Amino acid sequence: MKLLRLYLDNCCFNRPYDDQSSLPVYLETQAKLNIQEQVKNHEVELVWSFILTAENEANPDCNIRDKIADWMDLATIYVPYNLDVEIYASKLMERNGIDAKDALHVACAVQADCNLLITTDKKLIRRTGLIGDMRVINPVHFITDYIEYTDYEK
């Protein structure tokens, strides 16, 4: 069976470092930690990109920055900057009204042929949802709907 290919955006990687006093944040964190275990156990494929690196390097907290950067080593695919990504991101910005960084994340995930882009950004989910064959979802929805995807073949 082909593994699911996942792209987690920067806000998803940062969720465990947010204030956990809100139940939705706590649940998203637990779901994201579960996804991390699936990546470590080679149950899913992780995709990394140049925009993840750029956003992470801008984090002023070096401890968080280093912990997140370690996930690049577990990625099976790396999407470098290229003109196709830029053009696709520009179209997304125009068509879906999303900002440049979010558009670059989506474009990288599409270029890597991801099944899912996982984010905690509700606005991004609302404005994208389904891009071609790729779904844009919250980490909690990934966990609760995982059964739906286990037989998924691209």
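Details
- Residue order, fewest to most surrounding Cβ atoms within 10 angstrom, among Leu74, Leu104: Leu74, Leu104
- Where [x] 0.97; [y] 1.28; [z] 0.93 are the candidate values, the label of the one calculated here for Rg/Rh (Cα atoms, Kirkwood Rh) is [z].
- Applying a threshold of 27 Å to the alpha-carbon distances of Lys67/Lys91; Lys2/Lys32; Lys2/Lys91; Lys32/Lys123; Lys40/Lys91; Lys32/Lys101 flags Lys67/Lys91; Lys2/Lys91; Lys40/Lys91 as lying beyond it.
- If you sort the three axes of the alpha carbon gyration tensor as a ≥ b ≥ c, you get a/c of 1.5 or more for region 1-58 and a/b no higher than b/c, which makes it oblate.
- Considering only beta bridges that DSSP places wholly inside the chain, some 15 percent are antiparallel.
- Ranked list, fewest to most other Cβ atoms within 10 Å of each Cβ, for His42, His105: His42, His105
- If you take all other residues with their beta carbon under 11 Å from the beta carbon of Ala58, and give Lys and Arg +1 and Asp and Glu -1, the sum is -1.
- Computed [θ] at 222 nm, helices only, for the chain once each DSSP H run of length n ≥ 4 contributes -39500 (n - 2.57): -16000 deg cm²/dmol
- Residue order, fewest to most beta carbons within 10 Å, for Arg135, Arg65, Arg126: Arg126, Arg65, Arg135
- Taking a Cβ cut-off of under 15 Å around Lys91, the surrounding Lys, Arg, Asp and Glu residues balance to a net charge of -3, with basic ones at +1 and acidic ones at -1.
Read the figures in this text as sums done on the coordinates, not as results from a lab. Everything numeric here is computed off the predicted structure, so don't read it as measured data. Ideal geometry is used to build each Cβ from the backbone, glycine not excepted, and the neighbour counts take in all protein chains shown.
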